[in-house]
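Enquirer: Below you will find the structure I want to go over with you.
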Amino acid sequence: MRPPELKNWLRGIYTPVVQVIPTTDAEAICLKNGLTFAETLRPFCNLRNLNVPIRTAGEHAYRLQDFKIRILNAKNIEQHAVEVAEEQLTQIVSQAAEVATDEGWSKEKQIGELLNMRRDPTPWFTKYQSEFLNALTFSDHEAFDHPVACLLVVPSTDPDPVKTFLDLYSTHNVPTLIREGIADPQLLKHYVLLHDMQSDVTLERAEQVFIEMKSTLGAGSCQLVAINSRKEPEGDSEHVRPDLWGDLCDPAWQRAAHLSHLGIDSPEELRMGKNGAQLTEDDLVTLDSLVKDFTIKVMLPYMENRVVSLNQQVTDTRKGLKNQLKSFWGYRKEKPKSGPEGQDALAGGGHYAYNSPESQLRILADLAFLLRDYELALSHYRLLAADYKADKAWKRFAGVQEAMGLTLFMTDGARREMEICFDSAFQSYSRCASPNGVGQSPVDMGMARYSTRSMLFLSSIFRSHGMFRDATLPLMRASYQESPLRAALLLEQSAYCYLHSQPQLLRKFGFHMVLAGQRYNSCHQRWHAIRAYTTVLGVYCSKGWAYIEEHLHFALGRQVSFIGDLAGSVQYLVKLLGACSHQPAALQATYLREFLYVMQCLSEQGRPGGDMDPAAAAAAAAAGAAAVAAALPAEDLPLPEVNLERIHVHFHDHRSYASPSAVQVGEEVWSQVEAPVVPVAQAGPTWMDGNKATKEVTNTCVAGEEIGVDVELCNRLQVQIEVSQVRLLCAHEGRAEGEPISDYVEVQEEAISLKPGESSLLRLRLRPLREGVLRIQAVQWVLCSVAPGCKRFRQDPPEGARPGDRATPPHKRLVFTVVPPLPRVEAKLEGLPSVMFEGEIHRCILELSNVARPALQNIKLSTTSPGLLCGHCPQELKGAPPGCLEVGAQEEVPPESCGSLERAVVRDPYTGEIVPAAPTSVPFDSVFVFPPGTVLEGEAQLRWPVWIRSGAAGLLALNLVVYYEPQGACPGPIKYRVLRMGAQIQVNPSVRAEAQLSPCRGDLQRHLLNVHLQSLHPSQQFRVRQLSCLRSTRQELWQLAPLSSPDTLELAPGEQKPTPPGGACGVPLTPSSQSRLLFHLTKGREGAAAGASGAASSLHLEPAGSGRGGAEDADEEAAAAMVDMDHWAVVQFLRRAKAQHLADQAAKQRSNSLTRRPSIQAAGPSQEERADREQVELVLVWEVGADGSAGVASPGGERALSVAGPARMGVHFMHSNSLNAEAPLRCVLEGPSPHRCAAACWEARAPTLRLRARGL
Amino acid sequence: MTTYFAIVSREDSPIYEADLSVAGKKDKEETSHLHQFILHASLDIVDERMWDTNNMHIKVVDKFNELFVAAYVTAGRTRLLLLCDTRNEDGSKQFFQEVHELYLKVLLNPFQGVNTPIMTPSFDQRVRNLARKYL
């Protein structure tokens, strides 16, 4: 609204009131048209093109071009009760909600859309505002609405109209304002004689009465009106006149009040069809001229006169020097305080009768205002303001200030002054509204409305001047003390003011809109609240203002669900769940609960309560699920979070794993282990095979075998959530239409409960049942058994990769080629210890079981671990582990008998041929081939011995691959399969043994063997059980014998005294101790000593106190207790240990030679010479002494070891250079007797001497 | 006493927020969104007022009920906003200047974008120390 329009609007509001007092009969005539008399006249109240000259107090007359009057029934000239008025206003807002719901107001608006909004966003506010102003009329502190004139209406049928006219104006019929003495009762009276053309009284008769009336009451103040002249019956097609009365009628309750006052009971019966049905065009002209004549000829002159006379009166009493002096000295005649004290006194500062000077002044000023003589009005308002201020009559003072502000606007006065006027009006009203101080409760709503009115005027004025930013402040101020609904409306208006200002303050707009939304919310105007919030979503969202977004979404979610749009509500609530991780747990729980509740309602929608037959229930459930899916696509559910990066696929193609730890071992290690057994793979496509590379790369899996996908679910909330029915969603490309997917794939469901902040890896399983291509597409779940969720896996290759690129590793690929069923082996190692001692030998059982139906053949084992040795035949499983190694514990097995293992073979890495492994070419045999006849039927088992010897202390990794092929022709791409087994064993230190040979003084053929033992384990006791000397490379066999007499070895400091041999060589080796054993070593003489077998000579060491050495007792018992050095497993392990030892030595030497400078290279024996030297290879057998009793044999000569339960035994390999190299030059004198010629002997021995000397 | 501090990037996203109120007596979740609303709304005024002065510190720009918003605009149009229920021009000026220095140091980090939230704990700690010192 520009200023002229606003002025016009204000003029339309402030118009003189004309009161109507009809008789009951007169009203009945009008009611034939469904209208009261006042209503009948109302369309003609807006007078245009008048050009009437008006002359008030000024010198010059001015002309009124248009004028408007209000014609009201006397009964309705009073202020409505606050509650009634508020109810009316609330209804306007509610109706707006109903009307506008269909028009799409509550859509989320983009910022651009907001900025370019053309149409009025709040059309209902205009109506609300005028209703609001209307409700505040007829106040006692203003004179604008005091009736100026009175129309008395009497029908022509009345027997004595003159008397009736005179009686009509009685106290009973005047409005409350006059009755209470607030308004002037001396009104202008105008007498209307109403003639009903349809009555049986003729017009002539009526005119006669009229003449009589004129003569009595005066010609100027009487008028005759004839109406209802329509003759033709009702429903005539002719009258298609637009309804003139539409909005102008009184509300029903006002009309009812008026009619009941007249004694007319049922207005509904009197109402006949359309408004004004009985009125012809002529009647309308008559009515129009009635109003016009009355206004121009009667009312305006009357008002002019009134102003002039009142002005004169005021000039006499208030102007001039004398009067001014009077007021200067504070002379005031005492106030006529007739009203009750208390509230009224506070609010109004007393009661002013109409004839008090203040009221007269106010009436004068308001009349001048109505007559648009604003200058005159303003001067009187100023006068009046001072008076009221002196009286502390704040309400009246505020009213005057407000009127002054309006007058200043009308005269385009100083804007600043106008602002001050409205401001002080607002403050004064507020002071009245809050008797306990501004901003304190209780607030008198009736009074607060006036302050709101003043601010509304101010804001409208600012807006009319285009000062939108200034217009917001009054609205804001008014909103503080208003009822929530009006505050909401005001805040919304102020928000739009921000939007219209230049530059547009979008963010301010948003804030005020949200404030308005909150107020709407609190007064249950849900639709308006939703509208306010959705309008500003675009302003706030996706900017990162977390709390704001959360507030908006939660409020919207709630409100939208309250108005029944559950689907819409879910949209907002779900956004909340994804972005509330910064909030405390209680709030998150609230959000989650709200969301789940709405989802629950949604799924139960349309499901009638009570019992249902199953079919209907199923249908309802399906409908509910569909509704849920429509409201919230499962992909949009943010809880729990699925980490797509951490997907890991577990499946078996030609490879399978025996344990999870085997999976951890790298693929490189496995390919190394497998290399000897698997066929050489065909080279894959290279970059030159162009289009072949574009083919999709898939994993291969076997029908009937399980595929596992590890999916990480993460709960970002601080609330525990339950996730159930977690399953994989997949598609099978071979599936025909209509066939259920369950025929092709069997999917397992999981359930998990995620603690606050927990992320958990969940293995989801499925089992393809038929061949074809299987695609795993997504993971599905149900949150808290209400909300379904889904997360699609990334199907396309990562960015930048071409299709078919091998960039995706197999454990990330989710496409499978399913091949027909194949055999599958599962294996486990029975009796595998988790901890071993260094050098310990252990036997385990490898149990292979074919878990699938098809049979398999051609089993091979391959390993790269030197500590692992596969048994030769199942017979080795007999006996307890250490005992079975003893001499004689094993019977002979014919090599061709049941399933014995073939000779170890190794594959030539270059030719691919399988060649028998020569002990010298590889350190150990790595491949074991089962005999060709070995077939493992479906669901059969095979047990096979496996020997394990731990190496150096530390961690021993055993990697074993089982290779097998399906029996018979194999159509699929998988020709063979491998099972990968891996285990890790902790190896603890046990015993360190070093041997040293020294010459024996007494006997040249003998050597003294000094075995230095050291226990490395801090707590475990060991017992040395047996010492064996292996046959040397020159096929010489040394005989071991305990030292028969104490030798005179020098003791190194800290060493124990050498244990006496024989009796004391039984050796419990206490933890962390050192010990020394002494033996005689005699060369030669095959089979001379006990315990000598094919490969070694052994000596059983008895514990102390047994009184005998093993070597002397050649009985069977002692021999049986010996560990068989010819046992193939022991031989193999020793060979490996020796190879390891040699490799270590070579490495050491190499590193020594590298560090040593060439110039000072030792002049020691060269490499070849060293190799020449004979070496004595010794084997020490120890066992673990669990405690004293188990290890120590009784004096009765029982076997010490085999009785003790699961004894553990280790074998140590040590070697020492033979004495041949170490010995000093020595002479050997041999002869029949000492007396013989010695010289011959010397000569004879000379070459030997030379030979030996060279070895120095 | 309410004190709420925020750094708003030039794209209007909050990149750092801290409730510097003395030992939270009020229930935080009740007011946090109100603080954000006020600060967000005040950006309109900040954008307008920053052209009126040569200083980076543009003092109190906005007011809502009893809460004042003081602002400081860096050369890169990053806005430092302080919501307070008391006017403390000198203190807030000092505070802003020191925080500005800290902010520049954070920006030197090549992994810190202009529009990405500042997650550095040491920055947070230092801002709180400054608040204790000046506000």
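The values are calculated or read from the model by the stated rules, or taken from the named source; none is laboratory data. All values reported here derive from a predicted model rather than from experimental measurement. Here the Cβ positions follow ideal geometry from the backbone for every residue, glycine too, while neighbour counts run over all protein chains shown. Just so you know, the surface numbers come from the protein's heavy atoms only, side chains and all, with ligands and any DNA or RNA stripped out. Shrake-Rupley method; radii C 1.70, N 1.55, O 1.52, S 1.80 Å.
Enquirer: Go through (1) open to solvent by 70 Å² or more (accessible area, probe 1.4 Å); (2) in contact (Cβ under 8 Å) with a residue 24 or more places away in the chain and name the single condition A:Leu166 misses.
Expert: The one condition A:Leu166 does not meet is (2).
Enquirer: Then there is this: Only one of (1) surrounded by fewer than 19 Cβ atoms within 10 Å (Cβ to Cβ); (2) of a type outside the set (Val, Ile, Thr); (3) closer than 28 Å to A:Ser479 by Cα fails for B:Ala70. Which number is that?
Expert: Only one criterion in (1) surrounded by fewer than 19 Cβ atoms within 10 Å (Cβ to Cβ); (2) of a type outside the set (Val, Ile, Thr); (3) closer than 28 Å to A:Ser479 by Cα is unmet by B:Ala70, namely (1).
Enquirer: Only one of (1) loosely packed, with under 13 Cβ neighbours inside 10 Å; (2) closer than 24 Å to A:Ala625 by Cα is not met by A:Glu733, so which one is it?
Expert: (2)
Enquirer: Looking only at residues in the range B:113-127 that are closer than 12 Å to B:Leu102 by Cα and touching a strand residue (DSSP E or B) at 6+ places or on another chain (Cβ under 7 Å), which one is nearest to the other protein chains (Cβ to nearest Cβ)?
Expert: B:Ile118
Quick grid of which residues meet (1) without any contact (Cβ under 8 Å) to a residue 40 or more places away in the chain; (2) not hydroxyl-bearing (Ser, Thr, Tyr):
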| site | (1), (2) |
| --- | --- |
| B:Thr31 | yes, no |
| B:Leu34 | yes, yes |
| B:Asp44 | yes, yes |
| B:Lys63 | yes, yes |
| B:Glu66 | yes, yes |
| B:Asp85 | no, yes |
| B:Asp90 | yes, yes |
| B:Leu104 | yes, yes |
| B:Phe111 | yes, yes |
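Enquirer: When only residues in the range A:479-498 that are within 13 Å of another protein chain (Cβ to nearest Cβ) and open to solvent by 10 Å² or more (accessible area, probe 1.4 Å) count, which is modelled with the highest pLDDT?
Expert: A:Tyr498
Enquirer: Could you check, for the range B:91-105, whether at least one of its residues is in contact with a strand residue (DSSP E or B) (Cβ under 8 Å, 6 or more places away or on another chain) and within 11 Å of another protein chain (Cβ to nearest Cβ)? Full working, then the answer.
Expert: Restricting attention to the range B:91-105, the residues satisfying the condition of being in contact with a strand residue (DSSP E or B) (Cβ under 8 Å, 6 or more places away or on another chain) are B:92-93, B:95-97, B:99-100, B:103.
From what is left, the residues that are within 11 Å of another protein chain (Cβ to nearest Cβ) are none.
Within the range B:91-105, none of the residues are in contact with a strand residue (DSSP E or B) (Cβ under 8 Å, 6 or more places away or on another chain) and within 11 Å of another protein chain (Cβ to nearest Cβ).
Enquirer: Has the range A:515-532 got at least one residue that is touching an Asp or Glu at 6+ places or on another chain (Cβ under 7 Å), over 22 Å from A:Ser451 (Cα atoms), more than 11 Å from chain B (Cβ to nearest Cβ) and open to solvent by less than 10 Å² (accessible area, probe 1.4 Å)?
Expert: Scanning the range A:515-532, I find at least one residue that is touching an Asp or Glu at 6+ places or on another chain (Cβ under 7 Å), over 22 Å from A:Ser451 (Cα atoms), more than 11 Å from chain B (Cβ to nearest Cβ) and open to solvent by less than 10 Å² (accessible area, probe 1.4 Å), so the answer is yes.
Enquirer: Give me a count of the residues in the range A:533-545 that are at the interface with chain B (Cβ under 8 Å from one of its Cβ atoms) and not in a loop (DSSP other than H, G, I, E, B). Break it down into steps so the answer makes sense when it comes.
Expert: Just the residues of the range A:533-545 that are at the interface with chain B (Cβ under 8 Å from one of its Cβ atoms), to begin with: A:540, A:543-545.
From what's left, not in a loop (DSSP other than H, G, I, E, B): A:540.
The total comes to 1.
Enquirer: Identify, from the list B:Thr86, B:Thr3, the residue that is away from chain A (no Cβ under 14 Å), in contact with a strand residue (DSSP E or B) (Cβ under 8 Å, 6 or more places away or on another chain) and open to solvent by 50 Å² or more (accessible area, probe 1.4 Å). It would help to see each step written out before you state the result.
Expert: Values: B:Thr3 fails: open to solvent by 50 Å² or more (accessible area, probe 1.4 Å).
The unique qualifying residue is B:Thr86.
Enquirer: For the range A:143-160, check the following and say yes or no: at least one residue is buried (at least 21 other Cβ atoms within 10 Å of the Cβ), among the charged types (D, E, K, R) and in contact (Cβ under 8 Å) with a residue 40 or more places away in the chain.
Expert: Restricting attention to the range A:143-160, the residues satisfying the condition of being buried (at least 21 other Cβ atoms within 10 Å of the Cβ) are A:143-156.
From what is left, the residues that are among the charged types (D, E, K, R) are A:145.
Okay, now just the ones that are also in contact (Cβ under 8 Å) with a residue 40 or more places away in the chain, so A:145.
Yes, because at least one residue in the range A:143-160 is buried (at least 21 other Cβ atoms within 10 Å of the Cβ), among the charged types (D, E, K, R) and in contact (Cβ under 8 Å) with a residue 40 or more places away in the chain.
Enquirer: Could I ask something else about it? So which residues in the range A:942-974 are of a type outside the set (A, V, I, L, M) and closer than 21 Å to A:His1212 by Cβ, if there are any at all? Even if it seems obvious, please write down each step before you answer.
Expert: Here is the first cut: in the range A:942-974, the residues of a type outside the set (A, V, I, L, M) are A:943-945, A:947, A:949-951, A:954, A:959, A:963-968, A:970-973.
Scanning the range A:942-974 gives A:Trp947, A:Arg949, A:Ser950, A:Gly951, A:Gly954.
Enquirer: Does the range A:122-178 hold any residues that are of a type in the set (D, E, K, R), under 26 Å from A:Pro357 (Cα atoms) and assigned to a helix (DSSP H, G or I), and which are they?
Expert: From the range A:122-178, those of a type in the set (D, E, K, R) are A:127, A:131, A:140, A:142, A:145, A:158, A:160, A:163, A:167; that's our starting set.
Subset that is under 26 Å from A:Pro357 (Cα atoms): A:140, A:142, A:145.
Correct list: empty.
Enquirer: When the range A:460-470 is examined, which residues are found to be away from chain B (no Cβ under 14 Å) and closer than 17 Å to A:Asp120 by Cα?
Expert: Those that are away from chain B (no Cβ under 14 Å) and closer than 17 Å to A:Asp120 by Cα: A:Ser460, A:Arg463, A:Ser464, A:Gly466.
Enquirer: For the range A:563-601, how many residues meet the condition of being away from every other protein chain (no Cβ under 14 Å) and part of a helix (DSSP H, G or I)? Write out each step before concluding.
Expert: Step one: of the range A:563-601, the residues away from every other protein chain (no Cβ under 14 Å) are A:563-575, A:577-578, A:592-601.
Applying the additional criterion that residues be part of a helix (DSSP H, G or I) yields A:566-575, A:577-578, A:592-601.
The qualifying residues number 22.
Enquirer: I would also like to ask the following. Looking at B:Ile58, B:Ile15, B:Ile45, can you tell me which residue is within 25 Å of A:Leu473 (Cα to Cα) and either surrounded by fewer than 17 Cβ atoms within 10 Å (Cβ to Cβ) or within 11 Å of chain A (Cβ to nearest Cβ) (or both)? Quick ask: steps written out before the conclusion?
Expert: On the way: B:Ile58 fails: either surrounded by fewer than 17 Cβ atoms within 10 Å (Cβ to Cβ) or within 11 Å of chain A (Cβ to nearest Cβ) (or both); B:Ile15 fails: within 25 Å of A:Leu473 (Cα to Cα).
The conditions single out B:Ile45.
Enquirer: Still on this structure: Checking the conditions here, which among A:Leu552, A:Leu602, A:Leu566, A:Leu596 is more than 30 Å from A:Glu113 (Cα to Cα), open to solvent by less than 60 Å² (accessible area, probe 1.4 Å) and in contact with a Cys (Cβ under 9 Å, 6 or more places away or on another chain)?
Expert: Numbers: A:Leu552 fails: more than 30 Å from A:Glu113 (Cα to Cα); A:Leu602 fails: in contact with a Cys (Cβ under 9 Å, 6 or more places away or on another chain); A:Leu566 fails: more than 30 Å from A:Glu113 (Cα to Cα).
Of the residues listed, the single one that is more than 30 Å from A:Glu113 (Cα to Cα), open to solvent by less than 60 Å² (accessible area, probe 1.4 Å) and in contact with a Cys (Cβ under 9 Å, 6 or more places away or on another chain) is A:Leu596.
Enquirer: Could you list, in sequence order, all residues of the range A:499-509 that are within 12 Å of A:Leu115 (Cα to Cα) and within 8 Å of chain B (Cβ to nearest Cβ)? Please lay out each step first, then the result.
Expert: In the first step, residues of the range A:499-509 are kept if they are within 12 Å of A:Leu115 (Cα to Cα); the result is A:499-507, A:509.
Selection gives A:Pro503, A:Leu505, A:Leu506, A:Arg507.
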